[in-house]
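Beneath this line is the structure, given in structure tokens, with notes to follow.
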Amino acid sequence: GTAQIGVTGLAVMGRNLARNFARNGFTVAVHNRTAARTRALVEEFGHEGTFVAAESAQEFVAALERPRRLVIMVKAGEATDAVIEEFAPLLDEGDVIIDGGNAHFADTRRREKELRERGIHFVGVGISGGEEGALHGPSIMPGGSAESYASLGPLLEKIAAKAPDGTPCVTHVGPDGAGHFVKMVHNGIEYADMQLIAEAYHLLRAVAGFSPEQIAETFRTWNTGRLDSYLIEITAEVLAHTDAATGKPFVDVVMDQAEQKGTGRWTVQIALDLGVPVSGIAEAVFARSLSGHAALRDVSRSLPGPQPKPLDANEAGRFADQVEQALYASKIVSYTQGFHQVQAGSDAYDWDVDAGSVAAIWRAGCIIRAAFLDRIRGAYDEQSDLPSLLADKQFADEIGTAQDDWREVVATAARQGVPTPGFSAALAYYDALRAARLPAALTQGQRDFFGAHTYRRTDREGSFHTLWGGDRTEVDAG
Ligand code: NBP
């Protein structure tokens with residue numbers, strides 16, 4: 001075969017990824033279960049590069065240069081297993097199967113192990129940036145063996161997004177499921193970012209009394225500063241958009257029930273398993289599910305509580321500045337939590353993930369791309385074993401500066417009855433970490449009371465139990 005890479009699964013993502021490889025000078029074998037898609041791709045985009053269209057699995061495999069590199073871009077789940085089972089028997093030792101779908105990292109670990117035992121490299125790759133990213137340069141998060149990255153990396157570096165300093169947004173994240181794990185956390189952080197922006201919007205609308213167009217303008221201004229990011233940019237676009245049918249702001253005619261495809265939920269599920277407090281991401285996932293409970297919201301609408309009273313113009317401008325501080329501080333916290341989860345996954349599965357490299361490859365191509373990520377990369381560059389982003393002096397200083405406004409915004413939201421689960425959870429996380437003593441001591445006492453679960457003491461080693469039902473003396477519990 002002559003093709004340096006093959007792509008099977010030519011729906012929107014696979015097609016754009018294949019075109020991206022071809023536009024970068026690679027010969028690309030293309031294949032799809034339904035051959036009409038393969039023919040359509042070559043007819044429409046054949047002029048963009050060198051494609052080898054394959055109708056059958058055998059033809060596809062034969063078209064590939066060895067060791068073969070074969071990208072699967074099909075619907076995540078059973079389809080991925082079906083395609084692997086179709087191709088694996090046709091491959092030779094040392095060939096590389098790449099799954100670019102949104103797989104759960106546990107599935108990737110299972111597939112990698114099974115294929116490794118058959119002599120085939122399996123690389124689970126997180127790809128972020130949607131269809132545009134796939135075509136013009138996504139952020140790419142490959143897992144799998146170091147050996148497979150040696151063969152695959154140079155191709156991925158060509159097609160990946162480039163950070164402002166020119167570095168390709170791809171790195172070997174770590175073995176087996178590390179790439180898909182990091183992609184999952186990326187999506188969790190994306191949920192949190194979106195929720196925080198939504199809360200800022202809600203406050204500017206209800207408390208500052210701004211119109212959607214004014215809020216778009218505010219976000220455009222924020223986007224020239226430290227909040228400079230793709231999500232803030234598109235938020236301004238959405239808010240400035242007018243619905244053609246009604247002439248109303250677009251945001252006012254869209255049903256206020258958020259949907260989700262599930263990667264944010266995975267992040268929280270896995271965080272629970274790993275015991276990582278990703279409260280910001282969890283609140284973002286729950287906020288979407290709450291919004292979808294239409295019947296529950298209907299019966300709750302008449303519950304007592306304040307109606308927000310818009311501020312006068314002077315106060316509104318000052319409040320908007322405070323909201324910017326609250327948004328920025330909350331964003332630092334949600335990235336702190338996300339990076340904690342990356343670290344915890346890396347420790348649990350022995351991946352040795354380099355947090356700074358992860359921040360670096362999120363700087364462009366993906367949905368959470370932002371100037372901010374270069375700051376995070378810088379923090380890890382300075383100290384690669386940084387225990388928490390909040391341990392970075394600059395981030396700590398910035399939160400320190402923001403905190404009065406942040407507290408004021410959360411307090412105002414509570415007084416005016418505007419829900420801000422993201423801002424509030426982030427602030428609670430921050431204050432819990434700062435606390436000299438937590439009421440967890442009382443929790444331990446309660447657990448010992450009803451379940452003899454024992455506790456440790458501040459002044460001595462060991463485990464202890466108090467005889468709560470008896471004379472309340474303390475006994476050594478080992
Ligand atoms: P879809 O997720 O809609 O999958 C459609 C593709 O899967 C078609 O090529 C279809 O072939 C193929 N397929 C299915 Br369905 N079942 C199959 C089977 N049993 N055997 C062989 N092929 C099968 O495509 P997509 O939206 O392009 O996404 C592809 C992957 O990329 C997904 O895992 C997705 O989660 C991930 N992803 C998507 C985005 C995005 O923005 N859309 C972003 C990042 C990652 P057919 O043509 O014969 O039906």
> Restricting the range 97-107 to residues that are more than 17 Å from the chain's Cα centre (by Cα) and of a type in the set (A, V, I, L, M), which is nearest to the ligand (Cβ to nearest atom)?
Replying inline: I98
> What residue, among those in the range 22-38 that are away from the ligand (no atom under 15 Å from the Cβ) and not aliphatic (A, V, I, L, M), is nearest to E157 (Cα to Cα)?
Replying inline: N24
> So which of E78, E93 is more than 30 Å from Q269 (Cβ to Cβ) and at pLDDT 95 or above?
Replying inline: E93
>> Quick check on R110: is it closer than 23 Å to C366 by Cα, surrounded by fewer than 24 Cβ atoms within 10 Å (Cβ to Cβ) and away from the ligand (no atom under 15 Å from the Cβ)?
In response: no
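Table: residues versus (1) surrounded by fewer than 19 Cβ atoms within 10 Å (Cβ to Cβ); (2) within 30 Å of V170 (Cβ to Cβ).
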position: V268; (1), (2): no, yes
position: L274; (1), (2): yes, yes
position: L311; (1), (2): yes, no
position: R318; (1), (2): yes, no
> How many residues are within 30 Å of the chain's Cα centre (by Cα) and buried (at least 16 other Cβ atoms within 10 Å of the Cβ) when one looks only at the range 1-14?
Replying inline: 8
> Among (1) of a type outside the set (G, A, S); (2) surrounded by fewer than 24 Cβ atoms within 10 Å (Cβ to Cβ); (3) in a helix (DSSP H, G or I), which single condition is V182 missing?
Replying inline: (2)
>> When you check F122 against the structure, is it within 16 Å of the ligand (Cβ to nearest atom), aromatic (F, W, Y), free of Cβ contacts under 8 Å to residues at least 60 places away in the same chain and more than 24 Å from G177 (Cβ to Cβ), yes or no?
In response: no
> Is the range 352-359 home to any residue that is in contact with a Ser or Thr (Cβ under 7 Å, 6 or more places away or on another chain), small (G, A, S) and surrounded by fewer than 22 Cβ atoms within 10 Å (Cβ to Cβ)?
Replying inline: yes
> Between a first residue in the range 1-15 that is at negative phi and part of a strand (DSSP E or B) and a second residue that is within 7 Å of the ligand (Cβ to nearest atom) and small (G, A, S), which pairs have beta carbons less than 6 Å apart while being 6 or more apart in sequence or on different chains?
Replying inline: V7/G14
> Within the range 201-222, can one find any residue that is surrounded by fewer than 24 Cβ atoms within 10 Å (Cβ to Cβ), on the phi > 0 side of the Ramachandran plot and touching a residue at least 40 places away in the same chain (Cβ under 8 Å)?
Replying inline: yes
> If you check D228 against the conditions, is it surrounded by fewer than 16 Cβ atoms within 10 Å (Cβ to Cβ), within 30 Å of G179 (Cβ to Cβ) and touching a residue at least 40 places away in the same chain (Cβ under 8 Å)?
Replying inline: yes
> With L41, L17 as the choices, which residue is surrounded by 16 or more Cβ atoms within 10 Å (Cβ to Cβ), among the hydrophobic types (A, V, I, L, M, F, W, C), within 13 Å of the ligand (Cβ to nearest atom) and under 19 Å from A160 (Cα atoms)?
Replying inline: L17
> For the range 66-80, what are the residues that are surrounded by 15 or more Cβ atoms within 10 Å (Cβ to Cβ) and either more than 14 Å from the ligand (Cβ to nearest atom) or of a type in the set (D, E, K, R) (or both)?
Replying inline: P67, R68, R69
> Counting just the residues of the range 30-64 that are in a loop (DSSP other than H, G, I, E, B), under 34 Å from the mean Cα position of the chain (by Cα) and not small (G, A, S), which one comes out nearest to G9 (Cα to Cα)?
Replying inline: N32
>> Suppose the filter is at positive phi and crowded, with 17+ Cβ neighbours inside 10 Å; does D193 pass it?
In response: no
>> Filter the range 366-388 down to the residues that are surrounded by 18 or more Cβ atoms within 10 Å (Cβ to Cβ) and assigned to a loop (DSSP other than H, G, I, E, B) and list them by number.
In response: C366, I367, I368, R369, L386
> So A63 clears everything in (1) within 15 Å of the ligand (Cβ to nearest atom); (2) in contact with a strand residue (DSSP E or B) (Cβ under 9 Å, 6 or more places away or on another chain) except one condition, right? Which one?
Replying inline: (1)
>> Against the conditions (1) within 26 Å of S139 (Cβ to Cβ); (2) in a helix (DSSP H, G or I), where does G400 fall short? Just the number, please.
In response: (1)
>> Here is a check on your reading of the model: is V12 among the β-branched types (V, I, T) and either closer than 20 Å to L152 by Cβ or away from the ligand (no atom under 11 Å from the Cβ) (or both)?
In response: no
> When the range 259-283 is examined, which residues are found to be within 20 Å of N102 (Cβ to Cβ) and either outside any helix (DSSP H, G or I) or of a type in the set (D, E, K, R) (or both)?
Replying inline: E259, Q260, K261, G262, R265, D273, V278
> Just a yes or no: is a residue in the range 126-138 more than 16 Å from the ligand (Cβ to nearest atom), surrounded by fewer than 24 Cβ atoms within 10 Å (Cβ to Cβ) and either among the polar types (S, T, N, Q) or farther than 22 Å from V358 by Cβ (or both)?
Replying inline: no
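The values are calculated or read from the model by the stated rules, or taken from the named source; none is laboratory data. Here the structure is a predicted model, which is why all the values come from computation and not from measurement. Neighbour counts are summed over all protein chains in view; Cβ atoms, including those assigned to glycine, are modelled from backbone coordinates with ideal geometry.
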